[in-house]
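The values are calculated or read from the model by the stated rules, or taken from the named source; none is laboratory data. None of these values were measured; they are calculated from a predicted model. We place every Cβ from the backbone using ideal geometry, glycine too, and count neighbours over all the protein chains shown.
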Amino acid sequence: MKGRLCLLLAGLLAAGAVLTGCAGAKSASSESSQVFAMDTVMLLTVYGDQAKEGIDQATQTIQKLEKLWSATDETSEIWTLNHSEGDWVDLSPETEQVLSRSLELCALTGGALDLTAYSAVQAWGFPTGEYRVPGAEELAQVAASIDYTQVELNEQASQARLPENMSLDLGAVAKGRLGEVLSQQLKELGVTSALLELGGNVQTVGAKPDGSKWRVGIQDPASQEGGYLGVVQVADQAVVTSGDYQRYFEQDGQRYCHIMDPDTASPAQSGVDSVTVIGSDGTVCDALSTALFVMGEEKGIQFWKDHPELNFEAIFIAQDGTLAVTAGLADNFTLADGYQNREVTVMER
């Protein structure tokens with residue numbers, strides 16, 4: 001496999017590597033830009049005559065949505081909502097739309113995705129880096145304040161409100177929605193090929209300039225160097241990974257990751273090290289990568305079987321190193337050199 005690869009983009013951000021072939025990169029003019037936003041480094045590469053305009057517009061959109069959706073920026077709509085003491089808060093169309101779709105996905109996943117789990121993220125110290133293990137009594141109190149059904153959204157008035165003791169965060173959906181918005185904007189400009197690396201999310205626009213699919217590496221959770229154990233080929237799709245190796249701390253020999261189980265207000269312990277979701281809807285992929293991580297492999301596979309209408313595929317990497325891949329990826333996922341002996345199960349509906 002290594003002999004067929006000749007360019008490794010700066011894609012070791014969180015999900016893995018984005019791997020492209022030389023021919024596609026050299027056959028079309030392109031523009032690239034690196035942006036730091038939403039607490040991560042984003043690398044944008046756009047091909048074609050509209051590349052410069054596309055990069056400029058994408059950068060503006062990223063900055064705009066970050067200002068609207070940040071949970072820590074005191075000027076953002078989400079911060080205002082979290083500190084509104086139960087009052088109604090006016091929302092922009094961008095925030096109202098992503099909040100509405102996210103609440104639908106919370107319900108669809110039975111609360112495995114819950115935007116109001118931000119209070120648990122705070123209790124464990126992830127937003128500030130002041131990590132701690134809360135006591136049982138505190139966790140019980142935090143868990144009682146996690147309930148997405150308590151979020152009120154008035155779509156006609158573009159307003160929302162929360163109970164006083166609750167707070168929410170769009171971290172599980174923001175980059176997925178961002179990729180979706182950027183992809184649509186680029187297509188409206190006439191762009192037919194682009195690669196958007198948004199931290200743990202990869203959003204592709206069309207195929208590579210030479211017509212072949214993009215090759216996205218899936219990181220080995222056990223690799224200290226961020227090596228990839230497999231490659232998935234995609235075109236005009238999002239690839240989103242959630243893993244316990246991305247943001248975590250260790251205390252007394254125990255690893256605590258940033259992905260919270262809403263039921264316990266504690267880091268999820270579902271038997272998986274990472275879940276990668278691939279599909280045409282970036283918001284769905286982002287939301288489900290978190291929800292399926294919380295569910296674990298068995299429940300996550302059942303969710304995939306039960307919801308073909310969401311049009312997604314998934315890769316589960318268990319803590320014992322085994323992989324489960326849904327059937328739609330059978331022809332588009334291959335193991336990397338050094339991993340050919342890894343056990344892979346293809347799940348059928």
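The residues listed here are L182, L108, L196; of these, the one that is surrounded by fewer than 20 Cβ atoms within 10 Å (Cβ to Cβ) and of a type in the set (A, V, I, L, M, F, W, C) is L108.
Taking the criterion of being at pLDDT below 95, assigned to a strand (DSSP E or B) and farther than 22 Å from G176 by Cα, the residues of the range 231-273 that qualify are F249, E250, Q251, Q254, R255, Y256.
Among the criteria (1) acidic (D, E); (2) more than 26 Å from L170 (Cα to Cα); (3) assigned to a helix (DSSP H, G or I), the one E309 does not fulfil is (2). Tallying residues that are among the aromatic types (F, W, Y), modelled with pLDDT of 95 or more and farther than 14 Å from L292 by Cα within the range 303-347 yields 1. Check the range 90-101 and report whether any residue there is within 30 Å of E250 (Cα to Cα), in contact (Cβ under 8 Å) with a residue 40 or more places away in the chain and not charged (D, E, K, R). The answer is no; no qualifying residue exists.
The conditions of being in contact with a strand residue (DSSP E or B) (Cβ under 7 Å, 6 or more places away or on another chain), under 17 Å from V173 (Cβ atoms), modelled with pLDDT of 95 or more and not β-branched (V, I, T) are not met by L139. When the range 222-276 is filtered for residues that are within 21 Å of N311 (Cβ to Cβ) and among the charged types (D, E, K, R), only D236 remains. One residue stands out among those in the range 214-230 that are charged (D, E, K, R) and either crowded, with 17+ Cβ neighbours inside 10 Å or within 18 Å of A314 (Cβ to Cβ) (or both): the one that is modelled with the highest pLDDT, which is R215.
The single condition from (1) assigned to a helix (DSSP H, G or I); (2) touching a helix residue (DSSP H, G or I) at 6+ places or on another chain (Cβ under 8 Å); (3) of a type outside the set (G, A, S) that T75 fails is (1).
With the condition kept exactly as written, say whether any residue in the range 290-301 is crowded, with 22+ Cβ neighbours inside 10 Å and β-branched (V, I, T). Yes, the range 290-301 has at least one match.
For the range 84-94, indicate whether the set of residues that are in contact with a strand residue (DSSP E or B) (Cβ under 9 Å, 6 or more places away or on another chain) and under 15 Å from G179 (Cα atoms) is non-empty.
no
Yes/no matrix, rows are residues, columns are (1) at pLDDT 95 or above; (2) part of a loop (DSSP other than H, G, I, E, B); (3) among the aliphatic types (A, V, I, L, M):
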{"position": "A10", "(1), (2), (3)": "no, yes, yes"}
{"position": "A14", "(1), (2), (3)": "no, yes, yes"}
{"position": "L43", "(1), (2), (3)": "yes, no, yes"}
{"position": "D56", "(1), (2), (3)": "yes, no, no"}
{"position": "I62", "(1), (2), (3)": "yes, no, yes"}
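Would the range 138-155 turn up any residue that is outside any loop (DSSP other than H, G, I, E, B), under 30 Å from L43 (Cβ atoms) and outside the structural domain of F303 (by TED's automatic domain parsing)? Taking every residue of the range 138-155 in turn, none turns out to be outside any loop (DSSP other than H, G, I, E, B), under 30 Å from L43 (Cβ atoms) and outside the structural domain of F303 (by TED's automatic domain parsing).
Screening the candidates V35, V89 for the property of being at pLDDT 95 or above, surrounded by 14 or more Cβ atoms within 10 Å (Cβ to Cβ), within 22 Å of E197 (Cβ to Cβ) and of a type outside the set (K, R) yields one hit, V35.
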